[in-house]
Amino acid sequence: MPKVQPIPDAGRRGRGHRVTSSLAEINVVPLVDVMLVLLIIFMVTAPMIQRGVDVNLPVSTRSTAIINERVFVSVPAAYHQNRMVYLDKEQIRVDALQERIRQKMEGRTDKNVYLRGDAGLLYQDLMDVFDRLKGAGVAQVGLVNKLPGER
């Protein structure tokens, strides 16, 4: 409903009232613009944030793809100095690996673990982790590699 406001008399006769209308709607165009800009920013930055463990895998020409839910143990190149491994994406000490794997395998029917070792590791370091996995009750330990030309 329009509001009627009296105009102070300035010596003129004629129209003594001015009719104004108030805007009851909220302008959502700037809100939509800001939300679209934020959406684009998050769409661009989200893939950059997700990052795994850097392990330089050895290359093999004859390998098969892994299709089921997996448990990965990654052994980085710095393993020889700090004795740290990654259980999926969580960094843990190698001394705690056996108990953590035992807990993770408790309710599973397939007791398979995939071991990702850096190509620059000593063979003895990889076998140390392998033995700890077998000691935790893992039935099969798969060694993960990459195909030629794969990043």
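The values are calculated or read from the model by the stated rules, or taken from the named source; none is laboratory data. Here the structure is a predicted model, which means the values were calculated and not measured. Cβ sites come from the backbone with ideal geometry, for glycine too, and all protein chains shown count toward neighbours.
Here are a few things to note about the model shown:
- The set of residues in segment 67-88 that are part of a loop (DSSP other than H, G, I, E, B), more than 16 Å from ALA136 (Cβ to Cβ) and without any contact (Cβ under 8 Å) to a residue 40 or more places away in the chain comprises ILE67, GLU69, ALA78, ARG83.
- None of LEU23, LEU36, LEU57 is at pLDDT 90 or above and not small (Gly, Ala, Ser) except LEU36.
- ARG108 vs. criteria among the basic types (Lys, Arg) and surrounded by fewer than 12 Cβ atoms within 10 Å (Cβ to Cβ): yes
- When segment 39-54 is limited to residues that are of a type outside the set (Val, Ile, Thr) and at pLDDT below 80, the one that is nearest to LEU87 (Cα to Cα) turns out to be GLY52.
- Cβ pairs under 6 Å, 6+ apart, first in segment 132-143 and on the phi < 0 side of the Ramachandran plot, second surrounded by 15 or more Cβ atoms within 10 Å (Cβ to Cβ) and polar (S, T, N, Q): ARG132/GLN98; GLY135/GLN98; ALA136/GLN98; GLN140/ASN112
- Yes/no for ASP110 being more than 19 Å from ASN56 (Cβ to Cβ), outside any strand (DSSP E or B) and either at pLDDT below 85 or touching a Phe, Trp or Tyr at 6+ places or on another chain (Cβ under 7 Å) (or both): yes
- Check on GLN103, loosely packed, with under 11 Cβ neighbours inside 10 Å, under 16 Å from ASP88 (Cα atoms) and either out of contact with any His (no Cβ under 7 Å at 6 or more places or on another chain) or hydroxyl-bearing (Ser, Thr, Tyr) (or both): yes
- Qualifying residue in segment 115-125 (condition: over 20 Å from HIS80 (Cβ atoms), part of a strand (DSSP E or B) and either touching a strand residue (DSSP E or B) at 6+ places or on another chain (Cβ under 9 Å) or among the aliphatic types (A, V, I, L, M) (or both)): no
- Of the residues examined, VAL138 is one that is modelled with pLDDT of 85 or more and outside any helix (DSSP H, G or I).
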